[in-house]
Amino acid sequence: MPPVFRSLIYVPADKPRALAKARGLAADAIIVDLEDAVAPDSKEDAREALREALAEPFSAPVIVRINGLASEWATEDLLAALAARPDGLLIPKVESAADLERVGDALDQADALDRISLWAMIETPKALLNLPDIAASSEKLPLKGVVLGLNDLAKETGVRPAEDRGAFLPWMMSVIAAARAYGLVAIDGVLNDFGDDARLEAECEQARALGFDGKSLIHPRQIDTANRIFAPSAEEIAEAETIVAAFARPEHAGKGAIGLEGRMVERLHLHVAESLLARARAIADRDPA
Ligand code: COA
Ligand code: MG
């Protein structure tokens, strides 16, 4: 089954009500945050709350976002996160493959390389310049995905965020190229205006068209939209089924390209259709009607 990561919601580790709520949310993954959402004075309390929260099960995989490796909190965060046994670790402010290797060494020491996957935030100018090396870390480390951090990227680059995200497009496509080259999951950045449903819809559609697998979210009300838009639609499923059925006809056996309703369909489209159907099945499995 292909992984399903349409919606990843950040939950501040120091907000007990939000953490309690997160346990039952329909997001595909919960990111318990020790970093930006937690004020410097609350870092210790947040680690303690993380330990308590992860002692009880969640309905989705849990990924812990530690503080940046260059910060004073990173070592304690890593120890607390490893002890809490999450499904994944999200590393912010990654600048190079060496950063991920450092986390990989900590996983190795905790004998956790085969049970905790790594996710890298792409949110610094150096991460953009080093994207190929960062993505290639997946050949040695359990790197599962990359998550765009557009708030930090805007801050670090001077890009003024606009509604169409035009200035970010080249970087978004670089992230997609790196992710696809190494089989990683690619997750779009957050929309801060969590009350703006139309804009969320537009950003999800845009990210999906660019090739992203899902979106990072900050508020429960954003989950349904992301889950809907990043799932194959009924029309896409019907279209994929038509293509699979066409190639299955005896007269098309062994053919590389066939005519279907007035257009050319190649065997590569069959593969696209099959993976779309596999993804639809994985989603149906996750969200039983
Ligand atoms: N995860 C789980 N539950 C959340 C949540 C989240 N990210 N955000 C809000 N909720 C819960 C609230 O606890 C509240 O539930 P309650 O009534 O049982 O307490 C309910 O949803 C409604 O919250 P609301 O009043 O609409 O939001 P708010 O004004 O209290 O908070 C934010 C708004 C943005 C501060 C809050 O959504 C948040 O902290 N989001 C995550 C921020 C973050 O992690 N940032 C770092 C990554 S970019
Ligand atoms: Mg940040």
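The values are calculated or read from the model by the stated rules, or taken from the named source; none is laboratory data. Since the model is a prediction, treat every value here as computed from it, not as a measurement. For neighbour counting, all protein chains shown are included, and Cβ atoms are generated from backbone atoms with ideal geometry for every residue, glycine included. Note: areas computed on protein heavy atoms with side chains; ligands, DNA, RNA excluded. Shrake-Rupley method; radii C 1.70, N 1.55, O 1.52, S 1.80 Å.
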Quick one: count up the residues across region 132-158 that are of a type outside the set (Gly, Ala, Ser) and within 18 Å of residue 216 (Cβ to Cβ).
12
Condition first: surrounded by fewer than 20 Cβ atoms within 10 Å (Cβ to Cβ), hydrophobic (A, V, I, L, M, F, W, C) and assigned to a loop (DSSP other than H, G, I, E, B). Can you find one or more residues in region 101-112 that meet it?
yes
Which one is farthest from ligand 2 (Cβ to nearest atom) among residues in region 153-167 that are in a helix (DSSP H, G or I) and surrounded by fewer than 20 Cβ atoms within 10 Å (Cβ to Cβ)?
166
Would you confirm, using the coordinates I've provided, whether residue 100 is more than 16 Å from ligand 2 (Cβ to nearest atom) and within 25 Å of residue 39 (Cα to Cα)?
yes
Give region 170-187 a look and list any residue that's within 16 Å of ligand 2 (Cβ to nearest atom) and open to solvent by 10 Å² or more (accessible area, probe 1.4 Å), or say none.
171
If we keep just the residues of region 117-150 that are part of a loop (DSSP other than H, G, I, E, B) and open to solvent by less than 60 Å² (accessible area, probe 1.4 Å), which is nearest to ligand 1 (Cβ to nearest atom)?
149
Based on this model, can you work out whether residue 49 counts as more than 9 Å from ligand 1 (Cβ to nearest atom), assigned to a helix (DSSP H, G or I), touching a residue at least 40 places away in the same chain (Cβ under 8 Å) and farther than 18 Å from residue 91 by Cβ?
no
Mind checking whether some residue in region 103-112 is touching a strand residue (DSSP E or B) at 6+ places or on another chain (Cβ under 9 Å), over 29 Å from residue 204 (Cβ atoms) and within 16 Å of ligand 1 (Cβ to nearest atom)?
no
Scan region 20-43 residue by residue and report those that are more than 7 Å from ligand 1 (Cβ to nearest atom), in a helix (DSSP H, G or I) and open to solvent by less than 60 Å² (accessible area, probe 1.4 Å).
42, 43
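Okay, residues lined up against (1) more than 16 Å from ligand 1 (Cβ to nearest atom); (2) in contact with a Phe, Trp or Tyr (Cβ under 8 Å, 6 or more places away or on another chain):
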{"position": "152", "(1), (2)": "no, no"}
{"position": "178", "(1), (2)": "yes, no"}
{"position": "192", "(1), (2)": "no, no"}
{"position": "209", "(1), (2)": "yes, no"}
{"position": "213", "(1), (2)": "yes, yes"}
{"position": "217", "(1), (2)": "no, yes"}
